[in-house]
Structures are given as structure tokens and as C-alpha cells.
Amino acid sequence: MHIDSSPLAQASVSRQLTAAVVQAWQQANPSGEVTYRDVAAVAPAHLDAELLAVAKFGADQNLTPAQQAERALVDTLVDELLSADVVVIGAPMYNFSIPSQLKSYLDRLAQAGRTFRYTEAGPQGLAGGRKVIVVSSRGGKYAGTPYEAALDHQEAYLKAFLGFLGMTDVTIVRAEGVAMGPDAKAGALTAANTQIGDLFVAQAA
Ligand SMILES: Cc1cc2nc3c(=O)[nH]c(=O)nc-3n(C[C@H](O)[C@H](O)[C@H](O)COP(=O)(O)O)c2cc1C
């Protein structure tokens, strides 16, 4: 499944790269089906008290129209995730984290009993067994720098969140430094596209 979260269209680095990842996957899996979700174009609402009653606390009686829609949305998004073998997530860095539209989407995926559960031994992810490819786009450079740990709440957050749900097979396709001038941007895109070229090679062979 293919998820984009950049609010930008043609100008988006992550959209360009998620499309390339999906194209590479389709070449390696010609009969595979791809579900697409654009969480910037159709953004799940921020959770409020009305929506939380169903999204997190499981109310299913006397629901308001908004709550009925929320119940259906949560079920659809979780079903979609759990039926995907490969999940491609376009994730720009926004103020050291992710766009709030993507956060609102992830807020729907964390569902006790479906994607995780608490056991006596601690939390257990229930959404494992699928490969996740996160396309990370960033204006500056962080990987391997002394300030990576302090400032990266995007890739690190996504890995922690996905891991909590059991998705530990996460590959990061990274284009960083895209706001540091045309050469830096071109270099970042080349590096990311090289990485994409290698993603499904073993599968295609
Ligand atoms: C609102 C906003 C916040 C941003 N915050 C950061 C940031 O904290 N660190 C950074 O390196 N780049 C930041 N950027 C730059 C983006 O990460 C970069 O432009 C990236 O390519 C965005 O992904 P996209 O091209 O798919 O939209 C920000 C961009 C925007 C629009």
C-alpha cells in the first residue's frame, strides 16, 4: 500500500520518491495490487473528545454521525494496513517531526486488540509480518550528525511507532538536505533513487 502525506503536489520530494518505490515494486510484482491513500488530500481530523470516544475508547452505541464516520474510518484504515504485504509511507520532516496529517492517520492505526495489545510481558505488536518502506524527505541533513538524536523526531518516531505495532522490518529511503541548494537537492534525489533501484532487486531476480 502507498501512503503520501506531503501537502505539496509536483514540488514534493517524498511524493516523487514514493511513486518511484511503488513503480519498482510493481515491476518486481507485476500482478500485485496497490492501495493508495493520500492523507494530505483527505486528512483524518485531529482527534477530539467526540471522535476519541470511538477511535480510542471503543464506544459503539448511540453514535453521532461524526462518530459513525470515525468508526468506519478506523476500521477501513486498520483493515487496509493489515491486508498489505508492503507499506510505503511518504514522510516529510516538518519541524523535526512529521506533518500533522500523517500523525492523524497514525492515530487511527494504533488500535488495542487489532494492531497491538498489552500482555503481562508488556506491549505486543499485532501488525508485524509486513515490510515498511519510509520515504524520508528533509530540508537539512541529520543522518550521522551529532545533533541527529536531538533533532530527528521523524524517522526515529516512525520507527518507534511502527515497531510498537510490530512492524520492525522498516527500510528508510532518505532524501535529505533538499533545501540546501540545487546541487544538494540533486545529490539527495540521486542517492534516494539509487537506494530505490536496489530495494526489490532480489525479488525480481
Ligand atoms: C512546514 C515545514 C516544516 C519543515 N520543517 C523542517 C525541519 O524541521 N527540518 C528540516 O530539515 N526540513 C524541514 N522542512 C523542509 C522539508 O522537510 C523538505 O522541504 C521536504 O522535502 C518536505 O517533503 P516534501 O517535499 O515531500 O513536501 C520543512 C518544510 C515545511 C514546509
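Numerical summary
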read-out	value
Options 26, 10: the member that is in a helix (DSSP H, G or I) and open to solvent by 50 Å² or more (accessible area, probe 1.4 Å)	26
Selection from region 29-72 of residues that are among the hydroxyl-bearing types (Ser, Thr, Tyr) and not in a loop (DSSP other than H, G, I, E, B)	36
Tabulated pairs, region 118-139, first in contact (Cβ under 8 Å) with a residue 24 or more places away in the chain and basic (Lys, Arg), second surrounded by fewer than 16 Cβ atoms within 10 Å (Cβ to Cβ) and not in a strand (DSSP E or B), C-beta under 6 angstrom, 6+ apart or interchain	130/85; 131/169
Selected residue (only one of 138, 114 is open to solvent by 20 Å² or more (accessible area, probe 1.4 Å) and within 20 Å of the chain's Cα centre (by Cα))	114
Subset of region 53-91 [surrounded by fewer than 19 Cβ atoms within 10 Å (Cβ to Cβ), in contact with a helix residue (DSSP H, G or I) (Cβ under 8 Å, 6 or more places away or on another chain) and of a type in the set (Asp, Glu)]	60
Pairs where the first residue, in region 156-183, is open to solvent by 60 Å² or more (accessible area, probe 1.4 Å) and the second is in a helix (DSSP H, G or I), C-beta under 7 Å, 6+ apart	174/192
Qualifying residues in region 92-147 (those that are within 14 Å of the ligand (Cβ to nearest atom) and part of a helix (DSSP H, G or I)) - the one nearest to residue 14 (Cα to Cα)	102
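Rundown of residues vs (1) within 21 Å of residue 190 (Cα to Cα); (2) at pLDDT 95 or above, yes/no style:
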residue	(1), (2)
9	yes, no
23	yes, yes
49	no, yes
71	no, yes
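Residue by residue, here is whether (1) more than 14 Å from the ligand (Cβ to nearest atom); (2) farther than 24 Å from residue 41 by Cβ; (3) assigned to a loop (DSSP other than H, G, I, E, B) holds:
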{"site": "78", "(1), (2), (3)": "yes, no, no"}
{"site": "90", "(1), (2), (3)": "no, no, no"}
{"site": "149", "(1), (2), (3)": "yes, yes, no"}
{"site": "162", "(1), (2), (3)": "yes, no, no"}
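The values are calculated or read from the model by the stated rules, or taken from the named source; none is laboratory data. Computed from a predicted model, the values in this text were never measured in an experiment. Cβ: placed from backbone, ideal geometry, glycine included. Neighbour counts: every protein chain shown. Calculation scope for accessible area: heavy atoms of the full protein, side chains included, ligands and nucleic acids excluded. Shrake-Rupley method; radii C 1.70, N 1.55, O 1.52, S 1.80 Å.
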